[in-house]
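Engineer: Next up is a structure, given as structure tokens.
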Amino acid sequence: MAALTDNMTFGVFMAPFHRVGENPTLALERDLELLEWLDDLGFDEAWIGEHHSGGWETIASPEVFIATAAGRTRRLRLGTGVVSLPYHNPYMVANRMALLDHLTRGRVMLGVGPGSLASDAYMFCINPERQREMMDESLGVIIKLFEGEEPVTCQTDWFQLKDASLQLRPYQKPYLPVAVASVQSPAGVFLAGKHGAAVLSLSVPRSMVRQTTLKDQWNIAEESAAEHGQSVCRSEWRLSVPVHLAETREDAFEQIRVGAGRVVTEYTGGTNGHPVPPVPANEIVDYMVDNGQWIVGTPDDAIAAIDRLQESSGGFGGLLVRAEDWTTREKLHHSYELFARYVMPRFQGSLAGIVDSNSRFSAMRESLQGNRRAGLQRATDTYLARSQ
């Protein structure tokens, strides 16, 4: 696990979540401003969602949003988090991502999923029972198109291609990184293993349908990879968790208490019909933290929580802060700044030399002060001797 915790990546998973009733144009601008801030702070990546209904998650095309964000950032890697594959012809997904790969000079990643909102599937007349099968069919074709070894011909009950190939091949070699979302069912980690893709665990550590643990999830990915002649790497496994930090635990909790209650009661439960914690809205943040589903507190609390996740998972390579819009812009930006200043360095090896130097020379301070005083005395004595 040491190798992973010395070289972790950090980013955000931006669905995004904006409360119904606020100006959507300003909300999208705030999302872009956040990515600029993360780029300045040294975060590694951002994953952008695709949703079409429900009123809260308002980015319909992660590719368009990424193209805009790429022009306003310098080094931040940008991924689709995720493209809902059953909504699209796989050729068009591959084509758009290859174009983005060139336009960003290799800063993009393709994250895929079956589509998380039942309301989206309803509008598009997609059978929810087929969504994960459709994702599998589509992803296999996309990877073949990226590889470009030969034209792709295939026919399914929802798309068909004949001698299809990309005229613009991916900028990254052999092709851009691909990740599969895992939320509640084992399907995501199984398909990641089948296709040799990375894993985005987007609901941590909420139990899946089979009540599997994080370690179980990774075991499914490894078993599937072995079955299909592929391989998966823990360093490419990312966990997504809501995080909010402040100088004190009390401040961190109070800053998001109202907003956290709203997003869970109004959207998770009120819009999507998912179960909500059996506590009053103003106690939801306490419940979620106590049950290990959110990280709220000080940077030290975040460090301890990430250590616990590393232990419970058996080791993962990246942590994605789930971007929430549950307090003011200033408090949100300050939370990310605290995370970048005090949490990220603990898991990226950048403090080792600094801590070692401070420790060694602090232990030597008395003898070093003696040397300093001796040097000053020698300089004084020399000056006095020349003056006589």
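The values are calculated or read from the model by the stated rules, or taken from the named source; none is laboratory data. Since we're looking at a predicted model, the values are computed, not measured. Using ideal geometry, Cβ is built from the backbone for each residue, glycine included, and neighbour counts are taken over all protein chains shown.
Engineer: What are the residues in region 1-31 that are touching a Lys or Arg at 6+ places or on another chain (Cβ under 9 Å), surrounded by fewer than 17 Cβ atoms within 10 Å (Cβ to Cβ) and within 20 Å of Thr104 (Cβ to Cβ), if any?
Structural biologist: The answer is none; no residue qualifies.
Engineer: Picking from Arg169, Arg107, Arg130, which residue would you name as being within 18 Å of Pro62 (Cβ to Cβ) and of a type in the set (D, E, K, R)?
Structural biologist: On the way: Arg169 fails: within 18 Å of Pro62 (Cβ to Cβ); Arg130 fails: within 18 Å of Pro62 (Cβ to Cβ).
From the options Arg169, Arg107, Arg130, the qualifying one is Arg107.
Engineer: Kindly evaluate Ile256 against the criterion of being over 30 Å from Gly21 (Cβ atoms), buried (at least 20 other Cβ atoms within 10 Å of the Cβ), modelled with pLDDT of 95 or more and out of contact with any Pro (no Cβ under 7 Å at 6 or more places or on another chain). Spell out the reasoning first.
Structural biologist: Working: over 30 Å from Gly21 (Cβ atoms): no; buried (at least 20 other Cβ atoms within 10 Å of the Cβ): yes; modelled with pLDDT of 95 or more: yes; out of contact with any Pro (no Cβ under 7 Å at 6 or more places or on another chain): yes.
Criteria not met by Ile256.
Engineer: Then there's this: Taking region 317-326, which residues are touching a Ser or Thr at 6+ places or on another chain (Cβ under 8 Å) and either part of a loop (DSSP other than H, G, I, E, B) or over 11 Å from Leu239 (Cβ atoms) (or both)?
Structural biologist: Gly317
Engineer: Answer yes or no: is there a residue in region 69-79 that is modelled with pLDDT of 95 or more and under 25 Å from Ala118 (Cα atoms). Before you say what the answer is, go through the steps one by one.
Structural biologist: Of the residues in region 69-79, the ones modelled with pLDDT of 95 or more are 69-79.
Going one step further and asking which of them are under 25 Å from Ala118 (Cα atoms), we end up with 79.
For region 69-79, residues modelled with pLDDT of 95 or more and under 25 Å from Ala118 (Cα atoms): present.
Engineer: Any residue at all in region 77-86 that is without any contact (Cβ under 8 Å) to a residue 40 or more places away in the chain and assigned to a loop (DSSP other than H, G, I, E, B)?
Structural biologist: Checked region 77-86: no residue is without any contact (Cβ under 8 Å) to a residue 40 or more places away in the chain and assigned to a loop (DSSP other than H, G, I, E, B).
Engineer: Pick from Ser84, Ser116: which is surrounded by 20 or more Cβ atoms within 10 Å (Cβ to Cβ) and modelled with pLDDT under 95? Break it down into steps so the answer makes sense when it comes.
Structural biologist: Values: Ser84 fails: modelled with pLDDT under 95.
Just a single option satisfies the conditions, and that option is Ser116.
Engineer: Under the condition of being touching a residue at least 12 places away in the same chain (Cβ under 8 Å) and out of contact with any Leu (no Cβ under 8 Å at 6 or more places or on another chain), which residue from region 123-143 is nearest to Pro177 (Cα to Cα)? Don't jump to the end; show me each part of the working.
Structural biologist: Restricting attention to region 123-143, the residues satisfying the condition of being touching a residue at least 12 places away in the same chain (Cβ under 8 Å) are 123-124, 126, 130-132, 134-143.
Of the ones still in play, those that are also out of contact with any Leu (no Cβ under 8 Å at 6 or more places or on another chain) are 123-124, 126, 130-131, 137, 140, 143.
Values: Met123: 30, Phe124: 28, Ile126: 27, Arg130: 25, Gln131: 22, Glu137: 18, Gly140: 14, Ile143: 10 Å.
Top of the filtered list is Ile143.
Engineer: OK, next. Please find, within region 161-207, the residue that is surrounded by the most Cβ atoms within 10 Å (Cβ to Cβ) out of those that are touching a helix residue (DSSP H, G or I) at 6+ places or on another chain (Cβ under 9 Å) and hydroxyl-bearing (Ser, Thr, Tyr).
Structural biologist: First, pick out the residues of region 161-207 that are touching a helix residue (DSSP H, G or I) at 6+ places or on another chain (Cβ under 9 Å): 161, 164-172, 174-182, 185-202, 204-205.
Among the residues that remain, those that are also hydroxyl-bearing (Ser, Thr, Tyr) are: 165, 171, 175, 182, 185, 201.
Numbers: Ser165: 15, Tyr171: 18, Tyr175: 21, Ser182: 28, Ser185: 14, Ser201: 25.
Among those residues, the one meeting the criterion is Ser182.
Engineer: Take region 40-76 and flag every residue that is surrounded by 18 or more Cβ atoms within 10 Å (Cβ to Cβ), part of a loop (DSSP other than H, G, I, E, B) and touching a helix residue (DSSP H, G or I) at 6+ places or on another chain (Cβ under 6 Å).
Structural biologist: Glu50, His52, Trp56, Thr58, Ile59, Thr73, Leu76
Engineer: Name the pairs: first residue in region 171-193 and over 16 Å from Glu133 (Cβ atoms), second residue charged (D, E, K, R) and in a strand (DSSP E or B), Cβ to Cβ under 8 Å, at least 6 apart or on different chains?
Structural biologist: Filtered contacts from region 171-193: Ala179/Arg238.
Engineer: Starting from residues that are in a strand (DSSP E or B) and of a type in the set (Val, Ile, Thr), keep the ones in region 263-310 and report whichever is surrounded by the most Cβ atoms within 10 Å (Cβ to Cβ). Spell out the reasoning first.
Structural biologist: Step one: of region 263-310, the residues in a strand (DSSP E or B) are 295-297.
Add one more test, that the residue is of a type in the set (Val, Ile, Thr), and what stays is 295-296.
On the way: Ile295: 26, Val296: 24.
Restricting to residues being in a strand (DSSP E or B) and of a type in the set (Val, Ile, Thr), the top hit is Ile295.
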